[in-house]
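The values are calculated or read from the model by the stated rules, or taken from the named source; none is laboratory data. For clarity, every value in this text was computed on a predicted model and none was experimentally measured. In this analysis, Cβ positions are derived from the backbone assuming ideal geometry, glycine residues included, and neighbour counts consider all displayed protein chains.
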Amino acid sequence: MRLFYFLILLIPMISFSQFSEKKIYSIKKINSKLNIDGDLNESVWENLNLADNFIQLEPNNGKKERDNLKTEVKIFYDNKNIYFGIMMFDNYPDSILRELSKRDDDNKNFDAFEIYIDPFNNTQVEYNFMITAAGVQIDKKLSKTGSDKNWNAIWYSAVKINDLGWSAEIAIPFSQIRFNDNNSKWALNMIRTIRRHREKYSWNYVDIEYDNRAIQSGILNGINNIKNPLRLSFMPYASIYMESYKNEYNLPYNYGMDLKYGINESFTLDMTLIPDFGQVSSDAMVLNLTPFELKYDEKRQFFNEGIELFNKGGDMFYSRRLQNDLINATKVSGRSKNGLGLAGLNAISNKTDDEPFKNYNIIILDQALRNSSSISFMNTNLTSLDSSISNVSGIFTQLYNKKNTHVLDANLKYSQNFDNNKSGLSGKLSIKKNSGNYRYKLETFISDKNYNPNDIGFYSKRNEVFNKLELGYEQLKENKNFISSKYYFFANQESLFENKNFVNLYLEAETKFVLKNYLFLMGKISGHPFEKNDFYEARTNDFNTNVKKSKYLRFSIYSSSDFRKQFALDLGGGIQINPLYQGYEYSWRISPRYRFNNKFSTKYVLSIKNKFNDMGYTDEDEEPIFAIRNTNMITNVFSGSYIINNKIDFSFKLRYHIDQVKNLRYHYINDDGYLDLNNYKFNINEDENYSTWTSDISWNWWYNAGSQISIVWKNGIDISDENINHTWIDNANQTYSSSKQNSISLKIVHYLDYLYLRNDKN
């Protein structure tokens with residue numbers, strides 16, 4: 001508790017931000033038809049205010065824009081849209097990078113222009129719209145919980161390359177964003193990327209010494225008298241599959257619909273009826289040797305979109321708990337005029353042979369406070385028709401100080417399982433200096449042995465006390481040696497909450513820097529100076545069986561070349577020494593990528609991780625059985641894309657993965673946690689040779705705004721046996737000779753906007 005009091009004393013009083021010097025753009029309302037073609041030759045652009053004098057964001061933060069690379073923006077609005085006309089001067093227009101990409105793929109070589117809009121001007125949510133010089137749209141929502149790249153808005157844009165550089169026209173419908181119709185001052189910033197120079201320029205100056213960039217936006221002033229648009233859209237879909245496995249064929253089909261309805265100017269209802277997730281890309285499956293469940297990324301659009309509030313709870317919500325057998329799901333989200341964010345989700349799963357009907361319910365309240373601060377409440381509930389009920393509640397707060405240099409982050413969570421009548425608590429308190437060259441973070445986290453949010457959430461360890469210290473120095477502006485560099489030290493200490501038994505101490509020193517030629521380098525030294533007391537490995541759930549894990553020392557390096565080049569390479573590796581039981585391990589990863597032209601690019605990843613004389617759980621007899629073992633992991637991933645234009649793309653991803661576990665000898669555990677080396681068990685075989693192959697090949701056509709036709713071919717193999725194949729070729733032959741699960745699907749999704757269906761001319 002002393003650490004809690006110490007942290008509280010460190011943070012100053014909450015007040016207004018120091019970022020007071022903001023550019024202001026006074027916008028005009030003009031009712032004039034505009035053809036979105038990328039040319040700025042319409043008369044509507046002539047007599048508008050000019051947003052100019054952009055300032056370099058990186059690498060030389062604060063430097064004025066070059067005379068030959070100036071940016072000029074004009075903005076107006078009507079009853080339906082807000083319009084941006086952008087002229088980006090460039091005296092070498094042939095050098096403007098315009099590599100094509102899929103929609104929302106920002107990891108390519110292109111010049112771009114971005115718009116950041118916060119209609120509530122409270123830094124809780126920013127809408128980001130990006131158009132590339134190739135005409136590709138990229139959009140996302142930004143919040144304190146991260147970047148929601150799966151958010152897709154329906155907006156209109158076009159670009160033109162000309163003798164002066166390149167220009168763009170953008171129309172963003174008011175129906176796609178949430179706003180307070182009583183607030184005429186919106187937060188606005190705009191950023192131009194000049195990729196060949198690796199430079200970015202912002203309209204309102206952003207001091208990169210402060211992590212909170214949202215609070216450093218300018219002001220868009222004057223949006224008044226907007227008739228709140230009826231935000232109602234439908235996305236009906238139909239899909240058909242051809243599936244085969246072991247010479248059995250199926251032709252299933254699905255149809256359903258997604259619906260979006262704007263309850264008012266601030267809140268939106270999202271519904272999916274009979275959802276179809278058959279075209280979701282395959283998981284990167286691995287052999288799990290840990291005592292904990294593996295967590296996989298969510299790839300279903302409905303659960304990925306609009307999740308900034310749902311992420312407030314951290315481990316309280318893991319959307320993969322809501323399986324693909326859903327009947328329907330409904331989300332409500334938005335923020336009121338006084339800054340109160342509200343989100344709710346309800347989903348009903350179908351009854352299966354193994355599971356009853358289930359109802360999932362989540363609610364979040366999030367009150368925005370001054371200076372980017374907030375306080376939130378979240379509750380999750382799972383009710384099954386077999387009468388089992390579980391419930392988790394949490395309260396969270398983020399408080400920023402007057403100068404926006406420090407943030408206090410705290411939460412308290414309470415879980416209840418009415419089936420077994422157990423309840424548990426967890427909590428976190430941290431303070432972080434998030435500005436300047438010198439940084440630090442202090443954090444403490446606790447959970448008792450009964451805290452369990454896993455019916456809807458994801459949490460691995462229980463009965464844990466975790467203390468963390470971070471110390472760092474960041475060179476944020478380019479100097480004579482590096483474009484940027486970072487130096488950090490980390491110390492993590494773990495113990496059990498119930499009896500305070502020591503678990504582990506982890507130390508790490510890390511350096512990262514970018515050279516003048518944009519070669520990225522990272523080096524790391526990490527390790528456990530003491531042997532770890534692992535109370536989870538034995539799988540006993542009573543925290544009374546200690547398993548001694550080796551102290552270790554690890555050296556690792558990583559490098560990444562300049563991605564502007566046609567050929568680029570990522571390369572890394574590490575070696576680790578484990579003195580206990582003479583163990584050691586090494587790993588390495590190589591990832592070349594090649595861009596044939598602005599349409600076609602490929603990437604290959606090969607990663608290998610080998611452990612020797614490793615120790616781990618294998619089975620249970622009268623008591624847990626452990627083994628000294630060698631493990632081998634090989635992952636191959638080959639991916640690429642051919643982008644026909646900014647509406648049609650073809651992509652593929654092929655993955656072949658091998659996990660091998662060769663147990664050398666078996667032992668019981670002594671009372672002191674070490675292996676009983678005199679007691680061998682030879683009558684079992686827990687060796688494992690696991691292989692998995694997946695291929696995801698897709699063709700997509702965005703034939704209209706929000707409307708898509710996609711064809712996907714998925715192929716998968718998943719096999720495991722006790723016979724170790726010692727060569728890669730033997731493994732590959734065994735894998736590809738096994739039965740494959742094939743699926744070819746056609747899916748059509750059509751976007752219908754009610755306003756355009758009724759041809760509203762107002």
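When you check Asp676 against the structure, is it surrounded by fewer than 17 Cβ atoms within 10 Å (Cβ to Cβ), more than 25 Å from the chain's Cα centre (by Cα), in a strand (DSSP E or B) and not aromatic (Phe, Trp, Tyr), yes or no?
yes
Do we have Asp419 as of a type outside the set (A, V, I, L, M) and either crowded, with 18+ Cβ neighbours inside 10 Å or part of a strand (DSSP E or B) (or both) here?
no
Evaluate the stretch 345-368: report whether one residue or more is crowded, with 16+ Cβ neighbours inside 10 Å, among the acidic types (Asp, Glu) and assigned to a strand (DSSP E or B).
Yes: the stretch 345-368 contains one or more residues that are crowded, with 16+ Cβ neighbours inside 10 Å, among the acidic types (Asp, Glu) and assigned to a strand (DSSP E or B).
So which of Gly334, Gly341, Gly306 ends up being modelled with pLDDT under 85, assigned to a strand (DSSP E or B) and either within 21 Å of the chain's Cα centre (by Cα) or buried (at least 17 other Cβ atoms within 10 Å of the Cβ) (or both)?
Gly334
Name the pairs: first residue in the stretch 164-187 and on the phi > 0 side of the Ramachandran plot, second residue of a type in the set (A, V, I, L, M, F, W, C) and surrounded by 22 or more Cβ atoms within 10 Å (Cβ to Cβ), Cβ to Cβ under 8 Å, at least 6 apart or on different chains?
Gly165/Met88
Would you point out the residue of the stretch 139-167, among those that are in a strand (DSSP E or B) and within 27 Å of Gly339 (Cα to Cα), that is modelled with the lowest pLDDT? Steps first, answer last, please.
Going residue by residue through the stretch 139-167, those that are in a strand (DSSP E or B) are 139-143, 146-148, 156-162, 165-167.
Within this subset, residues satisfying the condition of being within 27 Å of Gly339 (Cα to Cα) are 139-143, 146-148.
Values: Asp139: 93, Lys140: 90, Lys141: 88, Leu142: 87, Ser143: 83, Gly146: 76, Ser147: 80, Asp148: 79.
Among those residues, the one meeting the criterion is Gly146.
How many residues does the stretch 472-486 hold that are surrounded by fewer than 16 Cβ atoms within 10 Å (Cβ to Cβ) and either modelled with pLDDT of 95 or more or of a type in the set (A, V, I, L, M, F, W, C) (or both)?
Matching residues across the stretch 472-486 total 1.
When residues of the stretch 446-505 are filtered for being in a loop (DSSP other than H, G, I, E, B), more than 30 Å from Leu57 (Cβ to Cβ) and over 26 Å from the mean Cα position of the chain (by Cα), how many remain?
Residues meeting the conditions: 9.
Looking at Pro592, is it out of contact with any Cys (no Cβ under 6 Å at 6 or more places or on another chain) and crowded, with 17+ Cβ neighbours inside 10 Å?
Considered against the rule, which asks whether it is out of contact with any Cys (no Cβ under 6 Å at 6 or more places or on another chain) and crowded, with 17+ Cβ neighbours inside 10 Å, Pro592 comes out as no.
Out of the strands (runs of 3 or more DSSP E) lying entirely within the stretch 24-105, which hold 1 or more residues that are surrounded by fewer than 15 Cβ atoms within 10 Å (Cβ to Cβ)?
Numbers: elements: 24-26, 55-58, 71-77, 81-89.
Where strands (runs of 3 or more DSSP E) fall fully within the stretch 24-105 and carry at least 1 residues being surrounded by fewer than 15 Cβ atoms within 10 Å (Cβ to Cβ), they are 24-26.
Sort through Lys662, Lys611, Lys653 and tell me the only one that's crowded, with 20+ Cβ neighbours inside 10 Å, basic (Lys, Arg) and in a strand (DSSP E or B).
Lys611
Hey, any hits in the stretch 186-202 for a residue that's small (Gly, Ala, Ser) and outside any strand (DSSP E or B)?
Within the stretch 186-202, not a single residue is small (Gly, Ala, Ser) and outside any strand (DSSP E or B).
With the condition kept exactly as written, say whether any residue in the stretch 377-385 is in contact with a Leu (Cβ under 7 Å, 6 or more places away or on another chain), part of a strand (DSSP E or B) and either surrounded by fewer than 21 Cβ atoms within 10 Å (Cβ to Cβ) or not assigned by TED's automatic domain parsing to the domain that holds Phe317 (or both).
Checked against the condition, which is being in contact with a Leu (Cβ under 7 Å, 6 or more places away or on another chain), part of a strand (DSSP E or B) and either surrounded by fewer than 21 Cβ atoms within 10 Å (Cβ to Cβ) or not assigned by TED's automatic domain parsing to the domain that holds Phe317 (or both), the stretch 377-385 yields at least one hit.
Looking at Arg564, Arg554 in this structure, which one is in contact (Cβ under 8 Å) with a residue 24 or more places away in the chain and part of a strand (DSSP E or B)?
Arg554
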